[in-house]
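This structure is in structure tokens; I'll ask about it shortly.
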Amino acid sequence: MGIGAGSQLAKILVEFCPRECYHKNMISEYILKKLKEARYKLLKNGSYFGEIPGLRGVWANAKNLEDCRKELRGVLEDWLLLKIRDREKVPGFSIKVDRRELVKTSR
């Protein structure tokens with residue numbers, strides 16, 4: 001995960017779920033899982049196209065496969081960041097909140 005995206009995700013998660021009542025590795029695990037599902041195609045012009053099935057708008061295009069993989073990872077990170085920030089549903093991902101912790105923080 002990129003430094004900028006990681007720090008932004010951390011800020012959003014702290015705001016969304018105070019006192020770290022979420023599993024710290026869940027974002028990294030989700031990203032790795034989804035990247036394993038990625039599909040890549042060699043296009044007629046010699047560039048590569050990559051996408052993650054089921055995640056609308058998560059795709060990348062680059063001159064070589066390695067750059068396409070890197071770009072797709074960045075797109076996935078940004079996409080997840082925006083979904084979490086906007087509190088939208090993410091297929092296969094949920095933030096597990098310990099409601100007892102939320103009650104403690106509100107006192």
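Counting other beta carbons within 10 Å of each residue's own, what order do Tyr30, Tyr40, Tyr48 fall into, fewest first?
By the 10 Å Cβ count, ascending: Tyr40, Tyr30, Tyr48.
Another question about this same structure. Amide H of Val58 versus every other amide H placed in the peptide plane: which residues, excluding those fewer than 5 positions away on the same chain, fall under 5 Å?
Ile52
For Lys34, Lys70, what ranking results if the residue with the fewest other Cβ atoms within 10 Å of its Cβ goes first?
Lys70, Lys34
With 10 angstrom as the radius, rank Arg87, Arg73 by how many other C-beta atoms surround their C-beta, starting from the fewest.
With the sparsest Cβ surroundings first, the list reads Arg87, Arg73.
Once you list every other residue whose beta carbon is under 13 Å from the beta carbon of Pro53, what net charge do they have if Lys and Arg are +1 and Asp and Glu are -1?
Here the count lands on +4.
For Glu71 and Lys83 in the same chain, what is the full-extension length gain: residue separation times 0.36 nm, less their Cα-Cα distance, in nm?
2.5 nm
Readers should treat all values here as calculations from the given coordinates under stated rules, not as data from a laboratory. Remember, it's a predicted structure, so these values are computed and weren't measured experimentally. Note: ideal-geometry Cβ built from the backbone for every residue, glycine included; neighbour counts use all protein chains shown.
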